[in-house]
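Enquirer: Below: one structure in structure tokens.
The values are calculated or read from the model by the stated rules, or taken from the named source; none is laboratory data. Please read these numbers as outputs of a predicted model, since none were measured by experiment. No Cβ is skipped: glycine too gets one built from the backbone with ideal geometry, and neighbour counts run over all protein chains shown. We work out accessible area using only protein heavy atoms, side chains counted, and drop any ligands, DNA or RNA first. Shrake-Rupley method; radii C 1.70, N 1.55, O 1.52, S 1.80 Å.
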Amino acid sequence: MTAPDTDLAPDLAAVFDHIDRQRDAFVAQLTEYLRHPSISAQNIGIREVSALLVRRLSDLGFAAEAVSTDGHPMVMARGPEVPDRPTVLLYGHYDVQPPEPLEAWVTPPFEPTIRDGRIWARGAGDNKGQHLAQILALESHLAVHGTLPCNVIVLLEGEEEVGSPHIAAFARHHAERLRADLVVTADGPQHPSGRPIVTFGVRGMAGFELRARTARSDAHSGNYGGVMPNALWTLVHLLATMKRPDGTIAIEGLADPVIPPTEAERAAAAALPLDLDRFLADTGMDRLDAPQDRPFYDRTMFHPTLTINGLHGGYGGPGSKTVLPAEAVAKCDIRLVEAMTPDQALDCVEAHVAKHAPEVEVVRMGGMLPSKTPLDDRFAGPVRAAVARGMGVEPLIYPVVGGSLPDYVFTKILGVPAYVTPYANADEANHAPNENMELRLFHNGIRTGAALLWELGRMRVGAA
Ligand SMILES: [Zn+2]
């Protein structure tokens, strides 16, 4: 069900009117913001942009500062106190990916250009256009009403694009100052159909390497063949004990902690649009991976995976080389679902290897916890309603997405529900040349942010 503007309460309608009137001015602000590079991997522009954000948020009346970490600073800001109303933590990241290869850009990455109803620049969608929309939503409420409907903490990270190495420690250290009732992140693309999305969870990840060595050095496959054990065969046999041909994972205990999805989560997954024939044609697959009897979205949402990322050893160059490999390496990852943990998963891998191929070394490569917010969390309704009001169409509900983001920092360290409401178009080309954001979605993103604040302002905290 859509929420036409005519249904709007007058106080939110006035904010939407302001956002409409400021449309061009807001695009000008986005253009100006995108001119500033802030490339975390290359340490370019980070200090300048974090300082610029502190000024921007201070001008709104927020208590804002750039808080140093062992890496790039976190911009943290708190709005004026609104008694008895919820506190929302709006998370985003001000760093961007490196723009290379520069020659692939139609217009330069830090000279924002508008064409075809889109703004083209590095950071347009990932993530400056999206968190600026949130900031402009705050500004619009303040411009119209002089106050905010709820309490707001803005947290903008400066090293998301290099894997958020310090956000967990930061959240532990500043848990008191980050105390909120929910976290909302505007990042990522909407559905390719153009429908908006609300995401409630992410899978986690654990990485490891298997290393086999069978002799001091590679040898002649004729002179030593039949005498010297082959390191690649050692890994091939070991790997074959870890996953069965029917697709099920055979590592003992790995899936023990898995919490099966609720009926509501299953139903939400089953309700997502899917054109399987088109998916197969677009990707060039002739079938889905085993097991066959699994619904499409269940595969990425509710089940762990075991993936061989690469298997290396011996000779892979042109022509032939009759070599007998003395060493081999398999790089692997496991995607984790609630309530698996990287430590638990890697302990199971180690125990499995100790049993089946004790001569193989397991190297733990670390990982990330999964995260899931219940579909019936008390803020789910307001978040969904805000997206529907702002975007003009009901969002698709993703109980979990297949990839891994550090949402556990919010759900497990801060202990609050976490939602992701992407504002960018599906073809935003984030991390790639010619990154862009549809101006229509930037505008609707500001509306969504404004509607979120308004929805939260109708709620009381304290009453459980
Ligand atoms: Zn990114």
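Enquirer: Name the single residue that is farthest from residue 450 (Cα to Cα) among those in the range 173-189 being away from the ligand (no atom under 16 Å from the Cβ) and open to solvent by less than 10 Å² (accessible area, probe 1.4 Å).
Expert: Start the filter on the range 173-189 by keeping residues that are away from the ligand (no atom under 16 Å from the Cβ), which leaves 173-184.
Remaining after also requiring open to solvent by less than 10 Å² (accessible area, probe 1.4 Å): 178, 182-184.
Values: 178: 21, 182: 16, 183: 15, 184: 13 Å.
If we take residues in the range 173-189 being away from the ligand (no atom under 16 Å from the Cβ) and open to solvent by less than 10 Å² (accessible area, probe 1.4 Å), then 178 is farthest from residue 450 (Cα to Cα).
Enquirer: Just the residues that are touching a Ser or Thr at 6+ places or on another chain (Cβ under 8 Å) and outside any strand (DSSP E or B), please, taken from the range 207-221. It would help to see each step written out before you state the result.
Expert: Going residue by residue through the range 207-221, those that are touching a Ser or Thr at 6+ places or on another chain (Cβ under 8 Å) are 212, 214, 220-221.
Residues satisfying the conditions are 214, 221.
Enquirer: Just checking, does the range 277-291 include any residue being open to solvent by 80 Å² or more (accessible area, probe 1.4 Å) and assigned by TED's automatic domain parsing to the domain that holds residue 224? Let's see the steps before the verdict.
Expert: Our first condition is that a residue be open to solvent by 80 Å² or more (accessible area, probe 1.4 Å); within the range 277-291, this holds for 277-278, 282, 285-287, 289.
From the residues that got through so far, the ones that are assigned by TED's automatic domain parsing to the domain that holds residue 224 too are none.
So far as the range 277-291 goes, no, none of its residues is open to solvent by 80 Å² or more (accessible area, probe 1.4 Å) and assigned by TED's automatic domain parsing to the domain that holds residue 224.
Enquirer: Sticking with this structure for a sec: For the range 409-427, what are the residues that are more than 20 Å from residue 272 (Cβ to Cβ) and open to solvent by 40 Å² or more (accessible area, probe 1.4 Å)?
Expert: Selection gives 412, 413, 415.
Enquirer: Does the range 407-426 hold any residues that are out of contact with any strand residue (DSSP E or B) (no Cβ under 6 Å at 6 or more places or on another chain) and either assigned to a helix (DSSP H, G or I) or within 15 Å of the ligand (Cβ to nearest atom) (or both), and which are they? Outline the logic, then answer.
Expert: We begin by selecting, within the range 407-426, every residue out of contact with any strand residue (DSSP E or B) (no Cβ under 6 Å at 6 or more places or on another chain); these are 409, 412-415, 423.
Within the range 407-426, 409, 412, 413, 414, 423 meet the criteria.
Enquirer: Shifting gears a bit: Would you check if residue 12 is in a helix (DSSP H, G or I) and either touching a Leu at 6+ places or on another chain (Cβ under 7 Å) or not aliphatic (A, V, I, L, M) (or both)? Write out each step before concluding.
Expert: Working: in a helix (DSSP H, G or I): yes; either touching a Leu at 6+ places or on another chain (Cβ under 7 Å) or not aliphatic (A, V, I, L, M) (or both): no.
Against the criterion (in a helix (DSSP H, G or I) and either touching a Leu at 6+ places or on another chain (Cβ under 7 Å) or not aliphatic (A, V, I, L, M) (or both)), residue 12 does not qualify.
Enquirer: Of all residues in the range 24-60, count the ones that are without any contact (Cβ under 8 Å) to a residue 12 or more places away in the chain and touching a strand residue (DSSP E or B) at 6+ places or on another chain (Cβ under 9 Å).
Expert: Here the count works out to 2.
Enquirer: Collect the residues in the range 257-286 that are closer than 30 Å to residue 344 by Cβ and in contact (Cβ under 8 Å) with a residue 40 or more places away in the chain, keeping them in residue-number order.
Expert: 257, 258, 259, 260, 261, 262, 264, 265, 268, 269, 272, listed by residue number.
Enquirer: Any residue at all in the range 199-206 that is away from the ligand (no atom under 16 Å from the Cβ) and part of a loop (DSSP other than H, G, I, E, B)?
Expert: Checking the range 199-206: at least one residue is away from the ligand (no atom under 16 Å from the Cβ) and part of a loop (DSSP other than H, G, I, E, B).
Enquirer: Separate question: Could you list all residues from the range 317-332 that are under 30 Å from residue 259 (Cβ atoms) and open to solvent by less than 20 Å² (accessible area, probe 1.4 Å)? Outline the logic, then answer.
Expert: Just the residues of the range 317-332 that are under 30 Å from residue 259 (Cβ atoms), to begin with: 330-332.
Listed by number, the residues that qualify are 330, 332.
Enquirer: Regarding residue 129, is this residue in contact with a Phe, Trp or Tyr (Cβ under 6 Å, 6 or more places away or on another chain) and closer than 26 Å to residue 451 by Cβ? Break it down into steps so the answer makes sense when it comes.
Expert: Values: in contact with a Phe, Trp or Tyr (Cβ under 6 Å, 6 or more places away or on another chain): yes; closer than 26 Å to residue 451 by Cβ: yes.
Criteria met by residue 129.
Enquirer: Something else about it: Tally up the residues in the range 364-376 that are open to solvent by 30 Å² or more (accessible area, probe 1.4 Å) and outside any loop (DSSP other than H, G, I, E, B), please.
Expert: So the first thing to find is which residues in the range 364-376 are open to solvent by 30 Å² or more (accessible area, probe 1.4 Å), and the list is 364-369, 372, 374-376.
Still in the running and outside any loop (DSSP other than H, G, I, E, B): 364-368, 372.
Final tally of qualifying residues: 6.
Enquirer: State which residue is farthest from residue 380 (Cα to Cα) when the search covers only the range 252-273 and only residues that are part of a loop (DSSP other than H, G, I, E, B) and open to solvent by 80 Å² or more (accessible area, probe 1.4 Å). Explain how you work it out, then say what you get.
Expert: So in the range 252-273, the residues part of a loop (DSSP other than H, G, I, E, B) come out as 252-262, 271-273.
Next, only the ones that are open to solvent by 80 Å² or more (accessible area, probe 1.4 Å) stay: 252, 256, 259-260.
On the way: 252: 36, 256: 29, 259: 21, 260: 20 Å.
Here the answer is 252.
Enquirer: Okay, moving on. Scanning for something open to solvent by less than 70 Å² (accessible area, probe 1.4 Å), assigned to a loop (DSSP other than H, G, I, E, B), in contact (Cβ under 8 Å) with a residue 24 or more places away in the chain and not small (Gly, Ala, Ser), does the range 222-235 turn up at least one residue?
Expert: So the first thing to find is which residues in the range 222-235 are open to solvent by less than 70 Å² (accessible area, probe 1.4 Å), and the list is 222, 225, 228, 230-232, 234-235.
Next cut, assigned to a loop (DSSP other than H, G, I, E, B) only: 222, 225, 228, 230.
When the remaining residues are screened for being in contact (Cβ under 8 Å) with a residue 24 or more places away in the chain, the result is 222, 225, 228, 230.
Subset that is not small (Gly, Ala, Ser): 228, 230.
Taking every residue of the range 222-235 in turn, at least one turns out to be open to solvent by less than 70 Å² (accessible area, probe 1.4 Å), assigned to a loop (DSSP other than H, G, I, E, B), in contact (Cβ under 8 Å) with a residue 24 or more places away in the chain and not small (Gly, Ala, Ser).
Enquirer: On to the next question. Could you check how many residues of the range 122-162 are away from the ligand (no atom under 16 Å from the Cβ) and assigned to a loop (DSSP other than H, G, I, E, B)?
Expert: Selection size over the range 122-162: 5.
Enquirer: Quick one: which of 133, 175, 219 is outside the structural domain of residue 399 (by TED's automatic domain parsing) and over 30 Å from residue 255 (Cα atoms)? Full working, then the answer.
Expert: Details: 133 fails: outside the structural domain of residue 399 (by TED's automatic domain parsing); 175 fails: outside the structural domain of residue 399 (by TED's automatic domain parsing).
That would be 219, the only listed residue that is outside the structural domain of residue 399 (by TED's automatic domain parsing) and over 30 Å from residue 255 (Cα atoms).
Okay, residues lined up against (1) among the aliphatic types (A, V, I, L, M); (2) closer than 30 Å to residue 193 by Cα; (3) over 30 Å from the mean Cα position of the chain (by Cα):
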residue	(1), (2), (3)
208	no, no, no
214	no, no, yes
245	no, no, yes
258	yes, no, no
267	yes, yes, no
270	yes, yes, no
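Enquirer: Residue pairs, Cβ under 9 Å, 6 or more apart or interchain, first in the range 143-172 and in the same structural domain as residue 48 (by TED's automatic domain parsing) and open to solvent by 20 Å² or more (accessible area, probe 1.4 Å), second within 16 Å of the ligand (Cβ to nearest atom) and of a type in the set (Phe, Trp, Tyr). List them.
Expert: If the second residue must be within 16 Å of the ligand (Cβ to nearest atom) and of a type in the set (Phe, Trp, Tyr), the pairs left are 160/94.
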